[in-house]
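Peer 1: Quick one: this structure, given as structure tokens, is what I'll be asking you about.
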Amino acid sequence: MTVDEEAILAIARDRPRTSIWLGFAWLLVAACLGLMSWTLLQLDSADIYFLLAPDINTMTLGTLLSLLAMVPAIAGIDLSARYAVASTRRRWVARLVKASGWVVGICVGLVSAYLAVAMFLLTPVTAYTLQSPNDGRSVLIVNRTVLLAGGFTIYEPRNWPTYVKVGSLTTNNAHDPFRDGAYRAVWTDQGLELEFVSDYMKPDRYEHEFIELRL
């Protein structure tokens, strides 16, 4: 046997081993991305909000990470299944491994898609910053409207890019009073007094909400 033939055989023997380690690496990357996405969802549920830029927030990052996790997860499952098939000499075991790979891949894809859809539905429509004219206090009002259910969450800034929830508002017919300027903001020593139109069909009727600020 020549040197070239021995080298080819060595590469052929090492290829399955490389495949399984690469598969584990891809699965680890997918797990990290999925954990980060789940963590962002849990933080949002705990009233902690991240705002890195106007269009880069907690839910946007979570949705993106969920979608990205699908690629390395499928790649890792495929490589692991190929290694298992190549390592066995029994056909029924190979078929079982292939079927299991498909099932696991579909389950991972469904879980990632569920996280992405859940976060997409929670993704804010837009956000507004209200600034006090007398001092450096401010609040971030996040429009979380879904269909006709008008909902707004009010956050107070902490250390950038962290915001903490301090209040919430609801409106009718998905009305956005902050976009239309149908609100009044009065800053006091205790916090922020908001008056806003909750229904565009009743433009003269204002609702009142007091937001207590901690800083």
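Peer 1: Using protein chains only and a probe of 1.4 angstrom, how many square angstrom of ASP189 are accessible, to the nearest 10?
Peer 2: Roughly 140 Å² of ASP189 is accessible to a 1.4 Å probe.
Peer 1: Please build a GNM for the chain, connecting alpha carbons under 10 Å apart, and tell me which residue among TRP38, TRP21, TRP92 fluctuates the most.
Peer 2: Comparing TRP38, TRP21, TRP92 in the GNM, the peak value goes to TRP92.
Peer 1: Would you please state the base-10 log of I(q)/I(0) at q = 0.13, 0.26 1/Å for the range 17-69, with intensities from the Debye formula using one equal scatterer on every alpha carbon?
Peer 2: Reported log10 I(q)/I(0), two decimals: -0.39, -0.93.
Peer 1: Under the 0.36 nm per residue contour assumption, what length would be gained going from the current alpha-carbon distance of ALA149 and ALA99 to full extension?
Peer 2: Values: separation 50, 0.36 × 50 = 18.00 nm, distance 4.32 nm.
That works out to 13.7 nm of additional length.
Peer 1: Further question on the same structure: Per the helix-only calculation at 222 nm, which mean residue ellipticity applies to the chain, given -39500 (n - 2.57) for every DSSP H run of n ≥ 4 and division by its residues, nearest 500 deg cm²/dmol?
Peer 2: Value at 222 nm, helices only: -18000 deg cm²/dmol.
Peer 1: Go ahead and collect, in residue order, the members of the range 185-215 whose backbone nitrogen is under 18 Å from a label point 7 Å along the Cα-Cβ direction of ARG137.
Peer 2: Counting only backbone N, you get 185-196, 208-215.
Peer 1: Could you identify which residue out of ARG137, ARG82, ARG90 has the top mean-square fluctuation in a GNM of the chain using Cα springs shorter than 10 Å?
Peer 2: ARG90
Peer 1: Using Cα springs under 10 Å in a Gaussian network model of the chain, which residue among ALA81, ALA116, ALA30 shows the largest mean-square fluctuation?
Peer 2: Ranking ALA81, ALA116, ALA30 by mean-square fluctuation puts ALA81 first.
Peer 1: Figure the gain on full extension for VAL71 and LEU22 (residue separation times 0.36 nm, minus the Cα-Cα span) and round it to one decimal in nm. Before the final figure, lay out each step's value.
Peer 2: Values: separation 49, 0.36 × 49 = 17.64 nm, distance 1.37 nm.
Separation in residues times 0.36 nm, less the Cα-Cα distance, equals 16.3 nm.
Peer 1: Treating the angle as unsigned and between 0 and 90°, give the value, to the nearest 10°, between the Cα long axis of helix 91-122 and the longest Cα principal axis of the chain.
Peer 2: 10
Peer 1: Kindly state, to the nearest 0.05, the FRET efficiency for GLU212 paired with THR162, given R0 = 25 Å and r defined as their beta-carbon distance.
Peer 2: Details: r = 19 Å, r/R0 = 0.75.
My answer for the efficiency is 0.85.
Peer 1: A further question follows. Which value, in Å², gives the accessible area per residue of the range 65-157 when a 1.4 Å probe is used on the protein heavy atoms?
Peer 2: Values: 5490 Å² over 93 residues.
Here the residues of the range 65-157 average 59 Å² of exposed surface.
Peer 1: Just how large is the dipole of the chain about the Cα centre, in debye to the nearest 20, putting +1 at every Lys and Arg Cβ and -1 at every Asp and Glu Cβ? Spell out each step's value before the answer.
Peer 2: Numbers: 18 positive and 20 negative charges, 295 e Å.
Around 1420 debye, computed over the chain.
Peer 1: Hey, what's the range 164-215 come to in accessible area per residue, 1.4 Å probe, Å²?
Peer 2: Per-residue accessible area for the range 164-215 comes out at 62 Å².
Peer 1: Determine the distance separating the Cα centre of the range 169-215 from the Cα centre of the range 140-167; give it in Å without decimals.
Peer 2: First find each Cα centre; the distance between them is then 13 Å.
Peer 1: Follow-up question, since we're still on this one. For the charge dipole of the chain, defined by +1 on Lys and Arg C-beta atoms and -1 on Asp and Glu C-beta atoms about the Cα centroid, which residue among GLY62, CYS107, LEU52 has the Cα displaced farthest towards the positive pole?
Peer 2: CYS107
Peer 1: Can I ask one more? Taking the Cα atoms of the chain alone, what are Rg (to one decimal) and Dmax (as a whole number) in Å?
Peer 2: Calculated on Cα positions, Rg and Dmax stand at 26.2, 93 Å.
Peer 1: On the protein heavy atoms, probe 1.4 angstrom, tell me the percent of accessible surface of the chain carried by carbon and sulfur.
Peer 2: Numbers: 8480 of 13500 Å².
The computed percentage sits at 63.
Peer 1: By the gyration tensor of its Cα atoms, with a ≥ b ≥ c the square roots of the eigenvalues, what is the shape of the range 115-164: rounded for a/c under 1.5, prolate for a/b over b/c, or oblate?
Peer 2: Details: a/c = 3.93, a/b = 1.84, b/c = 2.14.
The shape class here is oblate.
The values are calculated or read from the model by the stated rules, or taken from the named source; none is laboratory data. In this text, all values refer to a predicted model and were calculated from it rather than measured experimentally. All Cβ positions, even for glycine, are placed from backbone atoms using ideal geometry, and neighbour counts span all protein chains on display. Just the protein is used for accessible areas: all its heavy atoms, side chains included, with ligands, DNA and RNA removed. Shrake-Rupley method; radii C 1.70, N 1.55, O 1.52, S 1.80 Å.
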